[in-house]
Structure formats: structure tokens, C-alpha cells
Amino acid sequence: MGCVLVRGGLTFLSVRGANHLMITRLYVNNFRCLVAFEAKFDSFGVLCGPNGAGKSSVFDVLKMIRDLATSEAVLGGEGPKDIKELAFTNWLDSTIQEFELTVNSSGHEFEYKLHIEQARDDVKPRIVFESATCDRRNLFSRNLDGVNFNRGDGTTSSFPLDWRQAALGSIQPHGSLRDIEILQETLGRILIVRPSPRSMELESKGESRQPMLSMDNLLSWYRSLAQEQEWTDILRDSLKDVWPDFMSFRQQDTGINAKTLQLRFDSDQGRDAGLYSFHQLSDGEKALLGLYMIRAALESGRTNIVFIDEPDNYVGLPELQPWVLAMRELLDEDHQAILISHHPEILGSAGHEYGSYLWRDNHTSPTRSGPLKIPEGLSVGEAVKRGWINGQSN
């Protein structure tokens with residue numbers, strides 16, 4: 001069951017589950033409203049709370065760490081994933097943000113730490129400290145002077161590195177550096193999404209290894225995943241359960257290297273009457289397709305860890321509950337899903353013991369957290385509708 005511990009001003013958020021291949025802990029300090037905030041995750045959990053409580057900030061931190069640690073982003077850059085400037089806590093004077101991530105993978109516990117500084121608004125941010133351990137054994141450390149890492153023969157090696165780049169993504173693993181490779185691969189496979197069907201591209205011009213935050217590149221991600229027959233079969237079977245008249249899908253050329261997705265539904269009005277291109281789907285259908293693509297990626301092993309911000313946006317109740325139950329079927333020590341949601345159906349299907357409540361006392365106070373509290377005699381859904389969910393301690 002979810003639990004909360006407070007020690008020395010730290011806020012501990014815990015979500016129930018197992019601990020084999022997943023993110024188990026996140027520590028954040030001086031990022032927006034997250035001050036000395038520590039979250040402990042397990043195989044499944046639902047974060048809820050009022051607007052401005054810091055729920056999405058938790059996911060934004062995870063995305064930033066992933067993108068920096070896998071060399072998808074640099075500090076002060078102009079690329080779509082780059083971190084142009086730091087988002088500090090308004091009421092703190094410190095110019096350094098602190099992040100820590102604990103990852104369980106391949107039977108090992110990895111600890112990754114990252115400290116970022118931005119002295120002034122007109123100065124680009126830089127990494128001032130970074131380290132990784134495996135089962136408490138040092139893998140590497142870096143400061144402003146450079147990166148130091150241990151070799152298999154017990155010797156150490158070092159190299160200089162641009163302060164804007166994370167060392168974890170810059171080390172080329174081989175031989176004795178296998179543990180670093182495991183950590184790199186685990187972080188690189190994490191999916192963090194906030195589905196927005198209205199921003200999804202209507203055709204793809206290439207393949208994408210993973211979806212963007214808003215899933216804008218859904219069709220490009222589909223092109224990559226569709227090369228695996230197992231994933232395709234799982235998605236097709238899942239959609240048949242959701243849409244009884246669904247028959248098949250295919251990629252259709254729309255130009256040079258450009259493709260869209262077509263879905264065929266059963267129809268007694270002629271063969272072409274049931275053929276829908278992606279742009280003809282409703283916002284809810286596009287969002288639902290994306291959610292089931294994520295589930296198929298989990299089941300097929302394309303990913304093991306997903307963080308989804310408000311998956312219930314745009315999706316109707318009849319389609320939402322089967323997806324929640326289908327996701328729950330997969331989650332174990334090797335599959336993890338953490339959701340942000342206020343939707344009664346997700347909280348009701350999940351069980352309130354998997355929920356955690358985030359809140360702030362006012363706009364100049366940090367995020368706090370507690371277990372989801374449901375008044376006696378009310379269902380989770382009814383409590384949500386009435387606004388009677390409260391994680392604050394009496």
C-alpha cells in the first residue's frame with residue numbers, strides 16, 4: 001500500500017509494486033515547486049492532486065534526466081529537446097538544481113546523480129556534478145574538471161567534457177563498462193508522454209525510436225514499431241477488443257518517404273466505406289490508438305517503463321476502463337506504469353491504495369504528498385466527483 005514518510009524536511013511519496021526493472025526513486029531539489037522532494041515508485045501508481053500541485057513537474061524532471069543522460073539533449077542548446085534555461089524554485093536563492101534517480105535493472109541497483117547550475121539568466125546552464133553507482137560501486141564521477149571512471153583492472157581513466165553535456169551519455173561502454181551500458185539502455189527505453197491528438201502529425205517522413213512528449217510523431221513511432229511482427233499482432237488484437245468492427249491497418253504511401261496510417265473497419269456499405277485514414281479519426285480515437293501502441297510496446301518488450309500524463313484526456317469511459325485493466329494485466333517486476341490522472345475510472349479501476357495525492361499549501365510553498373484518502377462509505381469515483389480526495393494529514 002502507498003505510504004508517506006517525512007524526514008528532515010524531505011517529502012517521501014511511495015507507490016505500491018515490485019522492484020526488478022523500474023525507476024524506484026526520484027529526488028529533486030530547487031526545480032519549480034519541487035523542493036527536497038523524494039518520490040518512491042513501484043510497478044504501478046496514479047498521481048493525483050489539484051492543478052499546480054507539481055504532478056507534471058515530476059514527469060518533466062524524469063524527461064529532462066532521461067534526455068540528458070542519453071545525449072538526446074544538451075544544456076543551453078536550441079534543439080527541440082535541449083534545456084535552454086533552468087526552472088528554479090521562485091523562493092529559493094540557490095543557483096544549483098539537484099537530481100537523483102535510482103534504477104533497478106538486470107539484477108542491479110543503479111544510483112544516478114546530477115547537479116546543474118545556472119548562475120545568472122544571461123549565462124548558459126552547466127553540469128557541475130554527476131555520478132553513477134552500481135550496487136554502491138562507483139562507475140564514474142564528473143565535476144568541472146572532467147570525467148573520471150573506473151576500468152575493470154582497477155585503474156582509473158579520465159577525459160574532459162563540455163559542461164553542457166551529461167557524462168553518462170558520452171561514455172562509450174565496452175568490456176568492463178558493461179554496467180554503464182545497462183544504465184544507458186534502461187534510461188533510453190523509458191517512455192514519458194502527455195498525449196495530445198490535435199498536435200499529432202498526419203503523416204510520417206521517417207522512423208522514430210520513441211514518441212515525443214505530446215506524441216506528435218505517433219505515426220513515425222508506428223513505422224519503427226511495425227517492423228516487429230509481435231508488436232503488430234498485439235496491437236491488432238487489442239484494437240479488435242476495443243472496436244468490434246476493426247479489421248486491420250496498413251501504412252499508405254502519401255509521397256516521397258511519406259506514409260500515413262489507414263485502418264479498415266467492417267462495413268456492409270462496400271469495401272472502401274470502412275477504410276479510414278489517420279486524419280479521419282476523432283481526437284479520442286487517435287489518443288486511444290496511441291495508448292494501445294504503448295501497451296503493445298510494453299507487452300512486446302520494446303519498452304518496460306512508461307510515465308503517462310493524463311491518459312484519460314480525449315478518451316471516453318467505455319474505452320478507458322478496458323485500457324486501464326489491460327495495462328494492469330502487464331505490470332509486474334519487469335513492467336512499470338505511472339500515471340497522472342483525476343479520472344474516477346482510472347482511480348476506481350486501479351484501486352485507491354495505488355493512488356498518491358500531491359498538493360501545496362499556497363503558491364509559495366513546496367509540493368507535499370500523501371496517500372490517497374477516500375472518505376468512508378464513498379467509492380473512489382464518487383469521491384473524485386465531489387472533490388473529497390485529500391492526502392493531507394490531519
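Does Val46 satisfy the condition of being assigned to a strand (DSSP E or B) and more than 24 Å from Leu330 (Cβ to Cβ)?
Details: assigned to a strand (DSSP E or B): yes; more than 24 Å from Leu330 (Cβ to Cβ): no.
So Val46 does not fit the description; no.
Give the number of residues within the range 72-131 that are part of a strand (DSSP E or B), of a type in the set (A, V, I, L, M, F, W, C) and touching a Lys or Arg at 6+ places or on another chain (Cβ under 6 Å).
Within the range 72-131, the subset part of a strand (DSSP E or B) is 75, 83, 96-105, 108-117, 126-131.
Cutting the leftovers down to of a type in the set (A, V, I, L, M, F, W, C) gives us 75, 83, 96, 99, 101, 103, 110, 114, 116, 127-129.
Now restrict to residues that are touching a Lys or Arg at 6+ places or on another chain (Cβ under 6 Å): 75.
Qualifying residue count for the region: 1.
Residue-wise test of (1) touching a residue at least 12 places away in the same chain (Cβ under 8 Å); (2) surrounded by 16 or more Cβ atoms within 10 Å (Cβ to Cβ); (3) in a helix (DSSP H, G or I); (4) not assigned by TED's automatic domain parsing to the domain that holds Gln262.
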site: Ser158; (1), (2), (3), (4): yes, no, no, yes
site: Gln165; (1), (2), (3), (4): yes, yes, no, yes
site: Leu168; (1), (2), (3), (4): yes, yes, no, yes
site: Thr186; (1), (2), (3), (4): yes, yes, yes, yes
site: Gly206; (1), (2), (3), (4): yes, no, no, no
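Rundown of residues vs (1) over 20 Å from the mean Cα position of the chain (by Cα); (2) among the polar types (S, T, N, Q); (3) assigned to a loop (DSSP other than H, G, I, E, B), yes/no style:
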site: Ser365; (1), (2), (3): yes, yes, yes
site: Gly370; (1), (2), (3): yes, no, no
site: Lys373; (1), (2), (3): yes, no, yes
site: Glu376; (1), (2), (3): yes, no, yes
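Looking at the range 328-347, which of the residues that are in contact (Cβ under 8 Å) with a residue 40 or more places away in the chain and in a helix (DSSP H, G or I) is surrounded by the fewest Cβ atoms within 10 Å (Cβ to Cβ)?
Within the range 328-347, the match that is surrounded by the fewest Cβ atoms within 10 Å (Cβ to Cβ) is Arg328.
Only one of these conditions is not met by Gly316: (1) outside the structural domain of Ser106 (by TED's automatic domain parsing); (2) exposed (fewer than 15 other Cβ atoms within 10 Å of the Cβ); (3) at negative phi. Which number is it?
That leaves (1) as the condition not met.
Among Phe88, Phe59, which is farther than 22 Å from Ser141 by Cβ, surrounded by fewer than 17 Cβ atoms within 10 Å (Cβ to Cβ) and modelled with pLDDT of 95 or more? Reasoning before the result, please.
Details: Phe59 fails: surrounded by fewer than 17 Cβ atoms within 10 Å (Cβ to Cβ).
Just one listed residue meets the conditions, Phe88.
Which one of these is in the same structural domain as Arg236 (by TED's automatic domain parsing), in contact with a strand residue (DSSP E or B) (Cβ under 8 Å, 6 or more places away or on another chain) and farther than 22 Å from Lys55 by Cα: Leu281, Leu291? Outline the logic, then answer.
On the way: Leu291 fails: farther than 22 Å from Lys55 by Cα.
Matching residue, one of Leu281, Leu291: Leu281.
In the range 8-31, which residues are over 18 Å from Lys113 (Cβ atoms), crowded, with 20+ Cβ neighbours inside 10 Å and either modelled with pLDDT of 90 or more or of a type in the set (A, V, I, L, M, F, W, C) (or both)?
Residues satisfying the conditions are Leu13, Val15, Leu21, Met22.
Could you check how many residues of the range 258-310 are outside any helix (DSSP H, G or I) and more than 21 Å from Gly45 (Cβ to Cβ)?
First, pick out the residues of the range 258-310 that are outside any helix (DSSP H, G or I): 258-270, 275-277, 281-282, 301-310.
Narrowing further to those that are more than 21 Å from Gly45 (Cβ to Cβ): 258-270, 275-277, 281-282, 301-302.
Residues flagged as outside any helix (DSSP H, G or I) and more than 21 Å from Gly45 (Cβ to Cβ) within the range 258-310 amount to 20.
The values are calculated or read from the model by the stated rules, or taken from the named source; none is laboratory data. These numbers come from a predicted model, not from an experiment. All Cβ positions, even for glycine, are placed from backbone atoms using ideal geometry, and neighbour counts span all protein chains on display.
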